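Since every read-out is calculated from the coordinates, none of them should be taken as a lab result. In this text, all values refer to a predicted model and were calculated from it rather than measured experimentally. So basically every Cβ, Gly included, is an ideal-geometry build from the backbone, and we count neighbours across all protein chains shown.
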Amino acid sequence: MSRLLEIEDLVVAYGPIQALSGVSFAVEEGSTVALLGPNGAGKSTLLRAVAGLHHGRAGSIRFAGRQLRGMDPHQIVRCGISLVPERRLIFENLTVQENLDLGAYALRHEKKEVVLLQFNSVMDMFPALGSICKKQASLLSGGQQQMLAIARGLMSRPRLLLLDEPSLGLSPKLVNEVFERVAAISRSGTSVVVVEQNASIALRIADYGYVLNNGRIVLEGHADELKDRENVKTAYLGKI
């Protein structure tokens, strides 16, 4: 497989506080990568930097060979990257359909047939949303809102989907359902980076994993290897 995303020596700071200190990170085309580590390690900052919401002070972010650092978020979406943020951040005053339509904004210059094809593909992935398209998003359950957030992210037809804490606030049953969808997204050919506190389920669907702590990558390896590393389990992730 070829590398779709390559990050080299990325530095991101909030004023005098350095959140990422020379992070290097890669995602192979068609793979799922788990980004793990304790709260405050810099995981969300890394995703937001890839999505253009934070501009790094130094380093390189290349996607399909193109330099992204310094680009605006809407440009990065058009390049083929979509971020599903922590706590979902759906538009609660809009309907499910309107949320999905906004997710497809990057395709506004495409033919209607292209947008319809993507909508049908997303509905095949999330059939439960089809029957509630006219429902206001604020009336959905937590699990439905998370599904909607991921579906909205897919509407731009991304090559790389960034998921930030998709299990947050969900019951164990709903967590399993969400990650079944994430695994299906990966099987469809979309590359995925998932930030997740539930290390066990993240590594179950991932091909590769990175452990981030204090703004630095402290450990990386194939997912099966990380599951069995006692230092990962105890020092960074808790018991898996």
Quiz item: Label-point separation (nm) for residue 116 and residue 67, each offset 7 Å from Cα along Cα-to-Cβ?
Solution: 4.2 nm
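Report the charge-dipole magnitude of region 3-237 in Debye, nearest 20, computed about the Cα centre from +1 at each Lys and Arg Cβ and -1 at each Asp and Glu Cβ.
500 debye
Would you mind giving the average projected area, over all directions, of the Cα convex hull of the chain in nm² with one decimal? Present the calculation step by step, with values, prior to reporting the outcome.
Working: hull surface 50.7 nm².
Result: 12.7 nm².
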Quiz item: Straight-line reach from residue 227: which lysines have Cα under 20 Å away, leaving out those fewer than 8 places along the same chain?
Solution: 43, 239
Practice problem: At 7 Å along the Cα-to-beta-carbon direction for both residue 94 and residue 14, put a label point, then send me their distance in nm to one decimal. | Solution: 2.7 nm
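Among 95, 190, which comes first, then next, by fewest other beta-carbon atoms within 10 Å? Don't jump to the answer; show the numbers that get you there.
Values: 95 16, 190 20.
So the residues, fewest neighbours to most, are 95, 190.
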Exercise. Mind checking the full-extension length gain between residue 188 and residue 222? Use 0.36 nm per residue of separation minus the Cα-Cα distance, one decimal, nm.
Key: 10.2 nm
Quiz item: Roughly speaking, what is the stretch gain from residue 124 to residue 173, that is 0.36 nm per residue apart minus the C-alpha to C-alpha distance, in nm to one decimal?
Solution: 15.6 nm
Quiz item: Could you give the angle, 0 to 90 degrees to the nearest 10, between helix 172-187's Cα long axis and the longest principal axis of the Cα atoms of the chain?
Solution: 90 degrees
Quiz item: So what is the 222 nm mean residue ellipticity for the chain from helices alone, if each DSSP H run of at least 4 adds -39500 (n - 2.57) and you divide by all residues, rounding to the nearest 500 deg cm²/dmol?
Solution: -9500 deg cm²/dmol
